[in-house]
Each structure stands twice: as C-alpha cells, then as structure tokens.
Amino acid sequence: MKNIFSYATNLTLRIKDIQRHQKKIMDLQYETIWANIYHDCIKGNREIESLPLNIGRFAGNYTFFYVLFRIMTDKKPKRIIEFGLGESSKFISTFIKNDIHENVHTIVEHDENWQKNFEKSFSFSAESQIVICPLITKNVKGFNVNSYQNIENTITEKYDLYIVDGPFGSERYSRYDIVGLMTHLEKGDDFIVILDDYHRSGEKDTLADIENLLKEKGIASETGIYRGEKSVAVVVSEHNKYFTTL
C-alpha cells in the first residue's frame with residue numbers, strides 16, 4: 001500500500017513537471033509570434049525601426065513592446081508615467097521626439113547611478129523627466145514589498161498612461177505603488193495601465209487590488225492579459241476597451 005501511495009505521489013509530481021514544461025514551451029511560442037507581429041507593425045516608423053532596443057530578459061519582452069507601440073500609435077497619450085528607467089523609456093521618448101507634441105513623460109527611478117550611465121548613451125526628449133525616488137521596503141498586508149520612497153507625495157497628478165515595470169518585483173503585492181496612484185482617479189477619467197510581469201504572483205495580487213479599487217470608486221474598467229515569455233496585463237477605462245483586445 002505504501003509503495004502504491006509513493007508511486008501515485010511521484011506520478012502526480014511528474015505530471016505537474018510536464019505541465020509546467022509544456023506551458024513554458026507554449027509561452028515561448030507566443031513570444032515568437034509577438035516578435036513577428038511587433039516587427040511587422042513598426043514597419044514604416046523609421047525612428048522606432050532604427051532605435052537600438054534590448055528586448056527581453058530584465059527589460060520588457062516583445063509582448064510588452066507590441067502593446068506599448070499600439071497604445072502610443074493609436075491613442076497618442078499626452079501624460080505618461082512609468083516606473084523604472086529602461087528600454088521603454090527610450091521607446092517612449094523617441095515617440096515624443098518625432099510624433100507627439102506637448103507631452104508630459106515622467107520616469108520614476110530609484111538608482112541615480114543607473115540614470116547617469118543611461119544618459120551617457122541616450123539623449124531624452126525635453127518632455128522626458130526622470131524623478132529619483134530611493135528604494136525602500138514597505139509592509140503591505142503583512143508582506144515586505146519594494147517601494148519608491150515618498151512616492152505618494154512626489155507623484156500627485158493623474159496620467160493617461162501608467163507603465164508599471166519597477167521597482168524590483170516582490171513575492172507578494174509587487175510594485176504596489178501603482179495602487180496609491182490609482183486613488184487619484186475619478187469617474188470619467190481616461191486611463192490605461194500596463195502592468196508588466198503579470199505571470200508572477202506578486203503582480204497578480206496588485207492587479208486584483210487595482211480592479212477592486214476601481215470597482216469601489218465606481219469607475220468602469222476592463223482588463224486584458226497578453227501572454228508571452230512574460231505576461232502583460234492591461235487595465236483601461238471603458239473608453240479604451242479596444243486596447244484589451246489587440
């Protein structure tokens with residue numbers, strides 16, 4: 001009887017390993033498809049085509065950059081904030097330089113040395129401003145979470161596009177600062193939130209609280225999930241439902 005139980009347990013674990021492996025393969029296949037779609041959709045945009053980007057790994061993947069490209073092209077948001085200085089900062093700043101005018105582009109970053117090194121190889125548009133907020137640990141519902149120091153007093157305005165790819169992820173309630181920013185929203189506001197790394201548990205926690213907050217405030221919203229090597233969640237006001245179906 002003991003041997004039968006042990007065999008059943010090992011078989012269950014083996015099946016779960018196979019399922020995880022199959023999911024990883026499917027995610028990579030999705031990523032390959034998104035890469036092809038991305039390269040097709042940027043054709044004709046000379047500035048973006050010629051922009052050196054390090055896509056993937058710690059930066060956004062092709063899923064992320066396809067969604068971002070479509071939003072920047074189709075929506076042309078005027079007020080943009082992103083958490084984390086990186087490849088998407090170059091991408092957005094290039095759009096602003098060449099396609100959109102009278103923009104606000106706020107980049108929240110915790111590492112001043114990273115900013116200095118980054119600016120040695122890339123020149124931002126005049127509309128792109130980097131705000132340094134050191135990294136701290138906050139307690140969210142009993143869990144330690146990486147956060148930006150004094151972010152609630154530093155960023156007090158509303159934005160059209162929120163890009164959440166920083167700070168470093170946390171095991172639970174990851175990148176939770178975005179929830180505080182969402183408290184400024186009201187009925188009728190036009191907004192899009194891109195939450196990167198949604199395949200992780202911590203980001204799932206945060207998305208659930210964003211959705212609950214919006215519901216409590218009576219703000220109609222829609223959520224779309226884009227699956228690739230890393231998943232991307234998009235939360236939008238009802239006027240922007242289209243961007244959940246790209």
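Read-outs: derived from the displayed coordinates by stated rules, not from any lab. Model, not experiment: these values are computed from the prediction. Every residue, glycine as well, gets a Cβ built from its backbone with ideal geometry; the counts of neighbours run over all protein chains shown.
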Computed over the Cα atoms of the range 32-106, what is the convex hull's projected area averaged over all directions, in nm²? 4.8
Pairwise centroid distance, computed over Cα atoms, of the range 115-148 with the range 191-228, Å: 21
How tilted is helix 62-74 with respect to the longest principal axis of the chain? Cα atoms for both, answer in degrees (0 to 90, nearest 10). 30
Could I have the simple spin-label model distance between Ser121 and Ile37, label points 7 Å from Cα toward Cβ, reported in nm to one decimal? 2.9
Among Gly84, Gly166, Gly44, which one shows the highest mean-square fluctuation when the chain is modelled as a Gaussian network with alpha-carbon springs under 10 Å? Gly44
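Can you pull out the trypsin sites (Lys or Arg not before Pro) in the range 151-195 that DSSP calls coil and that have at most 10 other Cβ atoms within 10 Å?
Details: sites: Lys158, Arg172, Arg175, Lys187; in loops: Lys158, Arg172, Arg175, Lys187.
Qualifying residues, ordered by number: Lys187.
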Going from the alpha-carbon gyration tensor of the range 134-246, what semi-axes, largest first and in whole Å, does one get by taking the root of 5 times each eigenvalue? 21, 17, 12
Whats the longest run of the chain with zero GluC sites (Glu not before Pro) that are DSSP loop and have at most 14 other Cβ atoms within 10 Å? 1-101
Between helix 87-98 and the chain, what is the angle of the helix's C-alpha long axis to the longest principal axis, kept within 0 to 90° and rounded to the nearest 10? 30
What percent antiparallel are the DSSP beta bridges of the range 30-163, to the nearest 5? 30
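Determine the calculated [θ] at 222 nm for the chain from helices alone, applying -39500 (n - 2.57) to every DSSP H run no shorter than 4 residues and normalising by the residue count; nearest 500 deg cm²/dmol.
Value at 222 nm, helices only, nearest 500: -13500 deg cm²/dmol.
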Please sort by residue number the chymotrypsin sites (Phe, Trp or Tyr not before Pro) in the range 38-122 whose DSSP state is loop and whose Cβ has at most 11 other Cβ atoms within 10 Å. Phe58
Kirkwood Rh in Å, taken over all unlike Cα pairs in the range 56-151: 14.6
How far is helix 2-41 tilted off the main Cα axis of the chain, in degrees rounded to 10, range 0 to 90? 20
